[in-house]
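This report refers to the structure that appears directly beneath it.
The values are calculated or read from the model by the stated rules, or taken from the named source; none is laboratory data. Keep in mind the model is a prediction, meaning the values are calculated, not measured. Every residue, glycine as well, gets a Cβ built from its backbone with ideal geometry; the counts of neighbours run over all protein chains shown. Please note that ligands, DNA and RNA were not included when accessible areas were found on the heavy atoms of the full protein model with its side chains. Shrake-Rupley method; radii C 1.70, N 1.55, O 1.52, S 1.80 Å.
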Amino acid sequence: MDNEVLKAIRERRSIRRFKADQITDDELKTVLEAGTWAPTGHGTQEPFIIAVQNPQLRDRLMRMNAEIMGVTSDPYYGAPTIVLVVAPAANSNSERDGSLILGNMMLAAHSIGLASCWINRVDAMFEREDGKDILRELGMPEGLVGIGSIALGYASAHPHTVKPRKEDYYKIV
């Protein structure tokens with residue numbers, strides 16, 4: 001079987017080289033809306049999606065993530081947009097719900113010609129006081145945890161190889 005969705009799933013890759021050009025508002029809204037259609041446990045829709053295009057805030061987030069990673073390079077690979085997903089710590093489904101949101105957004109980005117890469121350490125970023133300060137500055141409710149983020153933009157390079165899927169990846173019983 002084949003269709004556009006399955007093709008996008010097979011072709012999407014994590015991109016780690018971005019052009020400096022900012023994506024359009026329509027492209028960003030398309031990606032963000034795709035995230036809102038991800039399933040959430042009990043249909044709660046409790047996670048929050050935060051798109052960061054402000055250069056100063058983007059740099060603060062980049063430095064915080066780099067510090068946690070123990071590097072001075074940009075963990076967001078120069079992408080002009082960072083999309084964060086945070087969710088209530090009290091919701092036992094937060095990590096699963098947020099992960100589905102991020103997956104939807106990465107597939108949507110690919111489907112409209114944008115590049116993305118999942119970026120880790122968002123949990124550690126928002127455990128820190130400076131991370132909590134950022135959430136307060138953005139008017140977010142208390143008690144949120146970081147789930148993940150994506151670097152989002154136009155690719156300046158694409159991977160040349162695709163790692164084959166392992167033979168025993170799934171089992172039918």
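Per-structure values
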| quantity | calculated |
| --- | --- |
| Count of residues meeting criterion [open to solvent by less than 30 Å² (accessible area, probe 1.4 Å) and not in a strand (DSSP E or B)] in the range 9-56 | 10 |
| Residue in the range 40-47 that is touching a strand residue (DSSP E or B) at 6+ places or on another chain (Cβ under 7 Å), closer than 22 Å to Val145 by Cβ and not hydrophobic (A, V, I, L, M, F, W, C) present | yes |
| All positions within the range 134-173 that are within 14 Å of Ala115 (Cβ to Cβ) and either among the aromatic types (Phe, Trp, Tyr) or open to solvent by less than 100 Å² (accessible area, probe 1.4 Å) (or both) | Ile150, Ala151, Leu152, Gly153, Tyr154, Ala155, Ser156, Ala157, Pro159 |
| Unmet requirement for Ile101, which otherwise passes all of (1) open to solvent by less than 20 Å² (accessible area, probe 1.4 Å); (2) without any contact (Cβ under 8 Å) to a residue 60 or more places away in the chain; (3) within 18 Å of Ser14 (Cα to Cα) | (2) |
| Looking only at the range 71-96, and only at residues there that are under 25 Å from Arg10 (Cβ atoms) and out of contact with any helix residue (DSSP H, G or I) (no Cβ under 6 Å at 6 or more places or on another chain), the one that is most open to solvent (accessible area, probe 1.4 Å) | Arg96 |
